[in-house]
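Chemist: Have a look at this one before I ask anything.
The values are calculated or read from the model by the stated rules, or taken from the named source; none is laboratory data. This is a predicted model, so every value here is computed, not measured. FYI the Cβ positions are ideal-geometry reconstructions off the backbone, even for glycines, and counts take in every protein chain you see.
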Amino acid sequence: MLKECIEYSDGLAIRVFSSSINEYPIHMHDELEIIYVIEGEINLKDTFHSYTLEQGDVYFINGGDLHSIYKKSDSNLILFLQIDLENYKKYHPYVDKIIYICDSYYNKAHREEIERIKQYLIKIMLEVLNKEEGYRKKVEALVISCLLNLINDFQYYSMDDKKLKNENKYKGDHFQIQRIHRITDYIYSNYNKKISLEQISKEEHISKYYLTRLLKYGVGYGFQDTVNLVRVELSEKLLLGTEMTIEDIVHECGFSSYRYYTKHFKKFFGITPSEHRKKFKDKTIRVKKIKYLDYDKEKAVKKIKNLLKIPKEKQNVYSFEGVFNIIEIDFTNKGTKKFEHYWNYLNLPNIYQGLTLEYQKYLEKFQEDIGFKYIRLNPLDCIERNYTPENFDCFNQLFNTCNRIRITPIITMNYEKIVTNGLVNELPYILNNFILYCMNKYGYESVKNWKFELHSNVKDNKYNYLISEINKIIKSYKMTTPKEKNVMNYSLNSLYDTEFMASFIVHNLVKSNKDKFKDNIMLIDSFHDYSRNHSFFHGGLGLITLNGLRKSSYYGFYLLSKLGDEIIAKGDGYVATKNNDSIQILIYNYDELCNNLFIDEKIELKVAKKQLHDILNTKKEFILRLMNIGNKYIIKRYKLDIENGFVYKHWENMGCPQSISKENEELIQRTSFPKITFSHIEQKSYYDLHITLEPFNVELITFEKMSYK
């Protein structure tokens, strides 16, 4: 047998270790293996590829690949991470099907992404070595984060001159990438059978020419070459791991003749199958043992620790000026009432936008930053009359992302669209099959919490029939009765992009004016709206522009999300909350008279800005009088002002260009984050903190109790 059995410990589905390798004979294992060369040089053979890895290089060995390692320099230190991908399928359905590629051995691009992987490996190794309390959960979180980075940054490969490259024409095109996965997975599963181009193209509903072109640009080889490559790779395991004759291997691997097999084996490996067997059969783990070099363990651990990068935070101290409004905050108050989060509903009007990797990346980040409970989406809107259950496959990545980041889908159905498409009678059947499919795919416990809504501005006989049938179906699965709502209104207003939105959002949600936001919050602007005026900023309701820039509205919700569960003080322009031992105080400068300008869709931006400044043109100054401070606290201050958190302002300062370079996009993104400063406060009976806010500015101050171990 060439298979190495990986032994795990401590209830973890990984193995991490460091070694100095002399000789690691040809073998394979089911686990994904990440190799990080800490010191020295090694020669690595991976199927028909041979590489020299130097200090700092990272390489991925995919499950089932035959590989070996030999020393090149007199000394080396290698960090290994082996991951049982089967254990992580709940986080990504294709995690064990993906081919991961890191080409750092000859391509010095992707440095930032590779550095992240290195840091994950180092942190995992140190956590396992230290075994501090709760380390298993930390290791699990690090492994999941590492895998998500691999999936996003290292799964898109192609082959050029027999070199695997971390490049692909379809990177970011979720639909085509998943199609390539299905095709290659089918080839691997049926390599020893007759594989027909016609059959696969029919299954994928594309032409034979398009399928071949898809593989050519997405993998590096056309259809037949891809099939031959898979068969040749798998035949190597039989050549080196069994006593089968080459003639038997020919038929076992699906080749039509010995001559045809030899031709393609030589094409990839450079020698004939018999020559390959003779050269490598005695260099496998069946025959030879692993040989290590001596390397001092303490020295190895020290080298690994020295590679860990820890960010250093800077501290700033604020100066004090005049005082107008006093806010008294007693740290001993237990809270007067619960602080309701009215902004729990996110909307995805265009389901196709949600299928992209880009959207899911933004959604995951958004959920990490802010955290909503529900996301409205309309997967059934794109189902046509002659659908098949496989049509639902395209939603897997999106629903898995929702499940992973804990945001519950609300499945919406638009009655007017259903009538227009002539699907009134078919929809109950489609809905039932959709629910069955999702329950089989994601489990009843997950799907039973999903919600359903029927949207319509009219209620006629067809509508009554449809809502009745939908109710029956939902009731049969013991799910929440569907809600009936008017069709969503995603209006445009030039103010939605501007610096005024953060204070507008904060004011209305703190004042519990929830109806202004409950139904129309979108994560990303609609492409349809963008196409009408070809500008990054076009008055859309999205919290993020189409090119990924976070608007001030995003940061308004970001600050709101950091508030606690219990209100300890509330007044004009502020709210203070408590969460366990921490205190959060959100302060803003806004006037409710401005609200009407955010409702007027026709108002010109120049006119709206003037009217806003006419209503509110004075700064506010506050004194936070903090009382009964019984512990030492870290103070964090997040400020949204003209220079921080207002991406639209930066764009205006650039002259409102129609397009922005990647470099400038990144710079704008960095400088648009709220200004953050750190300080601390000792145990005191009271303490005064001064805040000055210009019109439409917002500031959050948090007090985190220091802990000592």
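Chemist: Could you give me the residue pairs with C-beta distances under 8 Å whose first residue belongs to the stretch 124-143 and is closer than 15 Å to D84 by Cα and in the same structural domain as I34 (by TED's automatic domain parsing), whose second residue is of a type outside the set (A, V, I, L, M, F, W, C) and in a helix (DSSP H, G or I) wherever it lies, and which are 6+ apart or on separate chains?
Modeler: That search, which allows pairs on different chains as well, returns V139/E127; L142/Y120; L142/K123; L142/E127; V143/Y88; V143/Y120.
Chemist: Search the stretch 54-76 for residues being of a type in the set (A, V, I, L, M) and in contact with a Phe, Trp or Tyr (Cβ under 6 Å, 6 or more places away or on another chain), and hand back the single one that is surrounded by the fewest Cβ atoms within 10 Å (Cβ to Cβ).
Modeler: Across the stretch 54-76, the extreme among qualifying residues is V58.
Chemist: Take the residues in the stretch 221-274 that are within 21 Å of D185 (Cα to Cα) and small (G, A, S); name whichever of them is modelled with the highest pLDDT.
Modeler: S235
For every residue, the table says whether it meets (1) surrounded by fewer than 14 Cβ atoms within 10 Å (Cβ to Cβ); (2) modelled with pLDDT under 85; (3) among the aromatic types (F, W, Y).
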| residue | (1), (2), (3) |
| --- | --- |
| A576 | no, no, no |
| F598 | no, no, yes |
| E621 | no, yes, no |
| W651 | no, no, yes |
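Chemist: So which residues in the stretch 409-433 are in contact (Cβ under 8 Å) with a residue 40 or more places away in the chain, in a helix (DSSP H, G or I) and either exposed (fewer than 15 other Cβ atoms within 10 Å of the Cβ) or under 25 Å from the mean Cα position of the chain (by Cα) (or both), if there are any at all?
Modeler: Within the stretch 409-433, E416 is the sole residue that qualifies.
Chemist: Continuing with the same structure: Specify which of the listed residues (L626, L593, L605, L586) is among the aliphatic types (A, V, I, L, M) and within 20 Å of G540 (Cβ to Cβ).
Modeler: The unique qualifying residue is L605.
Chemist: Hand me the list of strands (runs of 3 or more DSSP E) wholly inside the stretch 670-709 holding 2 or more residues that are at pLDDT below 90.
Modeler: Hits in the stretch 670-709: 675-681, 684-693.
Chemist: Are any residues in the stretch 448-460 at pLDDT 95 or above and either aliphatic (A, V, I, L, M) or assigned to a helix (DSSP H, G or I) (or both), and if so, which ones?
Modeler: Scanning the stretch 448-460 gives a single hit, L454.
Chemist: Another question, then. What strands (runs of 3 or more DSSP E), lying completely within the stretch 574-652, carry at least 2 residues that are under 21 Å from I676 (Cβ atoms) and β-branched (V, I, T)?
Modeler: Because the criterion is at least 2 residues that are under 21 Å from I676 (Cβ atoms) and β-branched (V, I, T), the strands (runs of 3 or more DSSP E) in the stretch 574-652 that meet it are 574-579, 582-588, 633-640.
Chemist: For the structure I just gave you, tell me whether N664 is of a type outside the set (K, R) and either closer than 28 Å to G573 by Cβ or in a strand (DSSP E or B) (or both).
Modeler: No: the conditions fail for N664.
Chemist: Of the residues I668, I681, which is in contact with a strand residue (DSSP E or B) (Cβ under 8 Å, 6 or more places away or on another chain) and aliphatic (A, V, I, L, M)?
Modeler: Going through I668, I681 in turn, just one is in contact with a strand residue (DSSP E or B) (Cβ under 8 Å, 6 or more places away or on another chain) and aliphatic (A, V, I, L, M): I681.
Chemist: With respect to I78, determine if the residue is in contact with a Ser or Thr (Cβ under 7 Å, 6 or more places away or on another chain) and touching a residue at least 24 places away in the same chain (Cβ under 8 Å).
Modeler: Taking the combined requirement at face value, the residue satisfies it.
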